[in-house]
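Engineer: Have a look at this one before I ask anything.
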Amino acid sequence: MVKIVARKCTITRSQEFEKKTLATHALNVGVLCGHGCLYCSTPAILRTQSKLFPEYDGSAFKAFAAGAAAVDPTTPDRLGPELAALKPTDTVMLSTLTDAWSPEAQEFDLGRRCLEKLLRESKARVRILTKNAAVVNELDLLAEFRERVILGLSITAPLSKAKVAEVLEPRASSIQERLGALQAAHEAKVPIFGMLCPCMPGVADRPDDLDEMLDMIKPFAPEAIWAEPVNARGPGLRLCQEALADADFIAIANEVRFIRGQREHLDYTARLIGNLNVAAAGVGLKSLLKILVYQDGEGFRGDGSSVIWLKG
Ligand code: SF4
């Protein structure tokens, strides 16, 4: 079910994404994304907004579990004076809570319409993050504004485990399709950034997995590479575990179950940081690596030189 919502907000300042060094501002085209990634943390962010989903007992979790999406088709039309107020040093992230190229956003051409306004009516840079290869439909625009735009398609599994990603991200583009979109953008000389997020245990956290994933994105000459452990907030890990077990990925399901414990999640994160450092150094990309961790770094004993601690 696609729910149409009408919001008042447009471009918002984002201290969180500034800290992540990804953007200064955010623009979202809705509140709930139809790609349906089982680990998605957006429903947890919406948990207090019970008025949004009366048909699901006020629960964003129930709406998301039912496959609902909530999109705001008025978003591009409401972009007005704030565009002119953006500075060349600002970066607007499209998007942070949803995906501007998700199936329901595509129905209203929201990704392109927002992108076109941002690029033609502001001086800001635009950072696109998506899990949908349909963003290549905008290649003409991306190439025209290649000095102010940068594109990332999340790589959440090595190609050798692409079938696992299909379980976890049921309505997003396949890993192969995302690589195809990155390739097309690179050939059109559109700047690329890497996004390995989330690095799910048993899928994208071991040295071999990370070597393969970095080898997959290295040919696109990424300007920087962000990586992040899976967020333990909300029911996401449980949903991933159940879906993986149903799809017969039992060993991976068990790894996901294991990190649901707080101590185990800390250990997994520390291990992942170490593995990312080694893998990135091995392919000569360590200087580009930024690992986003929702902790304060207290008690961490390893090489934290690539880590951005998001708490504290
Ligand atoms: S693409 Fe992003 S916003 Fe959409 S469901 Fe997946 S994690 Fe959530």
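Engineer: Could you give me the residue pairs with C-beta distances under 9 Å whose first residue belongs to segment 250-266 and is closer than 13 Å to residue 199 by Cα, whose second residue is outside any loop (DSSP other than H, G, I, E, B) and among the charged types (D, E, K, R) wherever it lies, and which are 6+ apart or on separate chains?
Structural biologist: 252/161; 256/238; 259/267
Engineer: Which residues, taken from segment 195-236, are among the charged types (D, E, K, R) and assigned to a loop (DSSP other than H, G, I, E, B)? Before you say what the answer is, go through the steps one by one.
Structural biologist: We begin by selecting, within segment 195-236, every residue among the charged types (D, E, K, R); these are 205-206, 208-209, 211-212, 215, 218, 223, 228, 233.
Within segment 195-236, 205, 206, 223, 233 meet the criteria.
Engineer: Please indicate, with yes or no, whether at least one residue in segment 158-176 is more than 16 Å from the ligand (Cβ to nearest atom), among the acidic types (Asp, Glu) and within 18 Å of the chain's Cα centre (by Cα).
Structural biologist: no
Engineer: Test of understanding: among 149, 126, 135, 190, which residue is β-branched (Val, Ile, Thr) and within 16 Å of the ligand (Cβ to nearest atom)?
Structural biologist: Among 149, 126, 135, 190, only 135 is β-branched (Val, Ile, Thr) and within 16 Å of the ligand (Cβ to nearest atom).
Engineer: Exactly one of these conditions fails for residue 11: (1) away from the ligand (no atom under 16 Å from the Cβ); (2) open to solvent by less than 20 Å² (accessible area, probe 1.4 Å). Give me its number.
Structural biologist: Residue 11 satisfies every listed condition except (2).
Engineer: Here's a follow-up. What is the residue count in segment 237-288 for residues that are open to solvent by 10 Å² or more (accessible area, probe 1.4 Å) and not in a helix (DSSP H, G or I)?
Structural biologist: Here the count works out to 8.
Engineer: Also: What are the residues in segment 70-125 that are among the polar types (S, T, N, Q) and surrounded by 19 or more Cβ atoms within 10 Å (Cβ to Cβ), if any?
Structural biologist: Within segment 70-125, the subset among the polar types (S, T, N, Q) is 74-75, 89, 91, 95-96, 98, 102, 106, 122.
Selection gives 75, 91, 95, 96, 98, 102, 106, 122.
Engineer: Further, regarding this structure: Can you name the number of the only condition in (1) over 21 Å from residue 20 (Cβ atoms); (2) more than 16 Å from the ligand (Cβ to nearest atom) that residue 103 fails?
Structural biologist: Status for residue 103: all satisfied but (2).
The values are calculated or read from the model by the stated rules, or taken from the named source; none is laboratory data. None of these values were measured; they are calculated from a predicted model. Quick reminder, even Gly has a Cβ in these numbers, built from the backbone with ideal geometry, and neighbours come from all protein chains shown. With ligands, DNA and RNA removed, areas are computed over all heavy atoms of the protein, side chains included. Shrake-Rupley method; radii C 1.70, N 1.55, O 1.52, S 1.80 Å.
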